[in-house]
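Have a look at the structure below, then the notes.
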Amino acid sequence: MNDDEGDERPKTPGSFESAQAGVKRLEAIATTWTKTALYVAYIGIALTAWATSLESQTTTNLTIYATSSFSAHSLVSTVLVVQGVVLSVVKPPMSKIADVFGRLEAFSLSIVLYVIGYIQQAAANDVKTYAAAQIFYSAGQTGLQILIQIFIADTSDLLNRALVVTLPDVPFLVNVWIGPPLADAILRNLTWRWGYAIWAVVLPVSFLPLALTLMINQRKAAKLGLLPPSPFEGKSYWEIAKTLWFELDVFGLLLLCAGFSLILIPLTIGAGAIGNDPGILIMLVVGGLCVIAFPFWESSKTLAPRAFFPRALFQNRTVLAGLAFAFFYFSAFYLSVFPYFQSYLLVVHDLSVTSAGHIIQIFTFSATITSILASLLIKYTKRYRQLVTAGICIYITGLVLMLFYRKQDSSLFAIMGAQLLIGIGGGLCHGPAQLGVQASATHSEVAAATAAFLTLLEIGGAVGSAISGAIWSANIPQKLQLYLPAETKDRAADIYGSIRLASSEWPMGSPTRLAINLAYQETMTKILFVAVCMATPCIFLSLLMKDYKLDEIDQQVKGVVIGGVPHPADRVEAGPSTEQTARLLSHDDLDSDDADDAVKHDGPDKAAKLVGNEHDMDDVA
């Protein structure tokens with residue numbers, strides 16, 4: 001690599017020696033499967049992504065019917081805030097569980113949480129039960145999301161990873177059109193409860209190809225003596241608890257989860273409540289202290305010998321710049337596309353719900369298609385940083401155009417063009433930025449690096465949404481009182497609280513509607529100005545990321561991978577372990593003395609090749 005490419009890659013031990021048991025288990029499994037087995041696993045990934053995508057597009061349309069069957073509704077909005085926090089804080093613990101216990105075990109836990117959420121929603125008889133179900137549902141959803149990303153990082157080389165990582169997003173292009181009619185059919189022919197219950201069956205079935213592939217190859221690895229010993233073997237309950245404390249980095253994860261929860265919940269409540277409630281202020285202070293304490297805890301070898309966020313990554317410029325990039329990028333997204341763009345289109349441009357929805361979906365469609373094209377460019381050029389920089393520049397250009405074109409007299413084509421640019425920019429920069437962070441980590445660190453990137457992404461979205469809400473609530477009521485004509489000035493609170501009143505009660509061109517539109521227009525201008533300010537640092541952050549030549553980076557991923565051409569010895573070794581190679585040799589026709597001599601004189605690598613000559617691993621697999 002040139003000077004700009006490789007100097008800051010973490011100088012950590014090999015993947016196998018430094019990795020936790022879950023990583024070693026995956027590496028051992030990967031040495032036993034064939035290309036066919038890997039493709040079957042990816043079919044499982046595709047089916048799972050398709051099921052979760054179709055489920056989300058369907059159940060979104062059922063929520064209003066579910067909540068309308070209960071007498072109370074206010075608790076649901078509160079739980080949705082907590083649900084957003086769950087989406088942010090579950091990723092790090094789930095990635096840690098995957099590293100300690102294994103990928104199959106973590107996947108299974110996420111599916112179980114998902115199914116519990118479905119069943120609880122379908123069986124709920126009151127709003128509290130329905131609200132509690134959202135917690136299980138969100139934990140399963142975000143856990144599955146991060147684990148799919150980690151599995152892709154485990155089983156693909158860097159050149160092909162950007163393409164493979166788009167796999168979970170592709171079903172949306174079709175399911176966005178299938179979901180609403182499916183929800184309508186369920187409501188007409190069954191009940192809303194069936195709309196949740198069916199996924200408790202569909203999701204586990206779609207997960208079966210991936211689960212069976214991991215399970216079968218895990219058994220093969222066990223028979224060959226490749227699986228690492230359990231870290232809890234032969235230990236007392238106290239020793240197991242102590243091991244779990246350090247292996248899972250329990251206190252570090254508690255600091256992270258508590259810190260983000262105590263900050264995000266008050267921010268989502270709104271700026272006005274923060275100044276009036278001392279309890280909320282205390283939450284913010286304690287949350288801030290937890291976040292500040294987190295890096296100090298993680299950097300201590302004594303307190304956190306198995307830190308969730310490896311110490312080497314704290315010193316990695318590309319990782320830190322990539323995490324900051326994710327935060328500011330998604331903050332700007334939730335200040336522009338969500339959550340008030342649809343309200344603006346319904347009111348100021350007098351669009352129908354369907355038409356407004358189609359304009360909003362321009363971002364997702366264009367971003368998904370662009371991300372696929374970007375991944376092909378990465379495969380061809382073997383570089384990623386130019387796409388990040390170019391993408392964020394296009395993204396900001398789209399935001400600036402939205403700032404100028406989000407006016408009542410602007411054409412819808414101009415607004416759609418700005419949305420298209422934002423989508424193209426997002427598709428170019430999002431995936432490559434995540435790839436850059438992963439490229440900076442070793443295989444044993446890639447789960448933590450991926451979880452950190454996606455966590456900062458979610459937190460940025462929550463912060464952007466909170467800022468949007470604060471600007472909206474501080475401006476709309478005030479401007480309505482200022483602009484409404486005398487005959488409707490007393491309706492200001494009702495108009496602020498009801499999108500139906502604001503969009504359809506008064507005809508376009510009437511004094512009241514002109515006042516409402518002006519209030520919406522000026523408020524959106526302020527929100528978009530903040531969005532541009534939040535996105536601008538991303539240009540400089542992209543330039544801080546190292547421009548790795550991806551085909552020269554070896555993340556020490558073992559076995560068969562998508563796009564990779566593994567060394568023959570990788571098919572039979574889970575790592576450079578003399579003890580494991582000797583155990584493997586003992587399973588073949590060689591006697592024990594031959595096995596010891598092979599390891600002693602030739603080393604584990606050559607001994608592993610000897611096994612390859614004596615025993616066809618494809619037949620074993």
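Annotations
- Selection status of Gly464, under 14 Å from Leu528 (Cα atoms), surrounded by 20 or more Cβ atoms within 10 Å (Cβ to Cβ) and not assigned by TED's automatic domain parsing to the domain that holds Val165: yes
- Thr389 vs. criteria in a helix (DSSP H, G or I), in contact with a Lys or Arg (Cβ under 7 Å, 6 or more places away or on another chain) and touching a residue at least 12 places away in the same chain (Cβ under 8 Å): no
- Meets criteria (in a helix (DSSP H, G or I) and either modelled with pLDDT of 80 or more or under 22 Å from the mean Cα position of the chain (by Cα) (or both)) for Leu187: no
- In the set (1) in the same structural domain as Leu528 (by TED's automatic domain parsing); (2) under 30 Å from Asp547 (Cα atoms); (3) in contact with a Leu (Cβ under 9 Å, 6 or more places away or on another chain), the condition left unmet by Leu345 is number (2).
- Residue check for Lys382: surrounded by fewer than 24 Cβ atoms within 10 Å (Cβ to Cβ), within 20 Å of Ile152 (Cβ to Cβ) and over 23 Å from the mean Cα position of the chain (by Cα): yes
- Residues (at pLDDT 80 or above and not in a helix (DSSP H, G or I)) located in the stretch 157-169: Val165, Thr166
- Test result for Leu387, over 23 Å from Gln419 (Cα atoms), of a type outside the set (Phe, Trp, Tyr) and crowded, with 17+ Cβ neighbours inside 10 Å: no
- The set of residues in the stretch 320-346 being assigned to a helix (DSSP H, G or I), more than 15 Å from Ile459 (Cα to Cα) and in contact with a Ser or Thr (Cβ under 7 Å, 6 or more places away or on another chain) consists of Leu346 alone.
- Pairs linking a residue in the stretch 454-480 that is free of Cβ contacts under 8 Å to residues at least 40 places away in the same chain to a residue that is buried (at least 20 other Cβ atoms within 10 Å of the Cβ) and among the aliphatic types (A, V, I, L, M), with Cβ atoms under 8 Å and 6 or more positions apart or on different chains, are Pro477/Ala492; Leu480/Ala492; Leu480/Ile495; Leu480/Ala515; Leu480/Ile516; Leu480/Ala519.
- Here Leu323 meets each of (1) modelled with pLDDT under 85; (2) within 18 Å of the chain's Cα centre (by Cα) with one exception, condition (1).
- In the stretch 132-146, the residues that are aliphatic (A, V, I, L, M), surrounded by 23 or more Cβ atoms within 10 Å (Cβ to Cβ) and modelled with pLDDT under 85: Ala139, Ile146
- Residue match in the stretch 351-362 (condition: modelled with pLDDT of 85 or more, out of contact with any Pro (no Cβ under 6 Å at 6 or more places or on another chain) and among the hydroxyl-bearing types (Ser, Thr, Tyr)): no
- Among the conditions (1) without any contact (Cβ under 8 Å) to a residue 60 or more places away in the chain; (2) of a type in the set (A, V, I, L, M, F, W, C); (3) buried (at least 24 other Cβ atoms within 10 Å of the Cβ), the only one that Ala441 does not satisfy is (1).
- Pairs are defined by a Cβ separation below 6 Å, a sequence spacing of at least 6 or placement on different chains, a first member in the stretch 500-513 that is closer than 18 Å to Ala356 by Cα, and a second member that is not basic (Lys, Arg); the pairs so defined are Leu501/Asp494; Leu501/Ile495; Ala502/Val347; Ala502/Ile495; Ala502/Ile516; Ser503/Leu346; Ser503/Val347; Met508/Asp350.
- Note on the stretch 478-491: residues that are among the aliphatic types (A, V, I, L, M), touching a Lys or Arg at 6+ places or on another chain (Cβ under 9 Å) and assigned to a helix (DSSP H, G or I) total 1.
- Just one of the listed residues (Leu163, Leu173) is in contact with a helix residue (DSSP H, G or I) (Cβ under 7 Å, 6 or more places away or on another chain) and crowded, with 19+ Cβ neighbours inside 10 Å, namely Leu163.
Residue-wise test of (1) at pLDDT 95 or above; (2) surrounded by 22 or more Cβ atoms within 10 Å (Cβ to Cβ); (3) not small (Gly, Ala, Ser).
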position: Ala531; (1), (2), (3): yes, yes, no
position: Thr536; (1), (2), (3): yes, no, yes
position: Leu543; (1), (2), (3): yes, no, yes
position: Tyr548; (1), (2), (3): no, yes, yes
position: Lys558; (1), (2), (3): no, yes, yes
position: Pro568; (1), (2), (3): no, no, yes
position: Ser577; (1), (2), (3): no, no, no
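- None of Ser371, Ser352, Ser366 is of a type in the set (S, T, N, Q), touching a Gly at 6+ places or on another chain (Cβ under 7 Å) and surrounded by fewer than 23 Cβ atoms within 10 Å (Cβ to Cβ) except Ser366.
- From the options Ala131, Ala153, residue that is touching a Lys or Arg at 6+ places or on another chain (Cβ under 9 Å) and either part of a helix (DSSP H, G or I) or in the same structural domain as Ser56 (by TED's automatic domain parsing) (or both): Ala153
- Just one of the numbered conditions (1) under 17 Å from Trp177 (Cα atoms); (2) within 23 Å of the chain's Cα centre (by Cα) is not true of Ala356: (2).
The values are calculated or read from the model by the stated rules, or taken from the named source; none is laboratory data. Every value quoted in this text rests on a predicted model; they were computed, and no experiment measured them. FYI the Cβ positions are ideal-geometry reconstructions off the backbone, even for glycines, and counts take in every protein chain you see.
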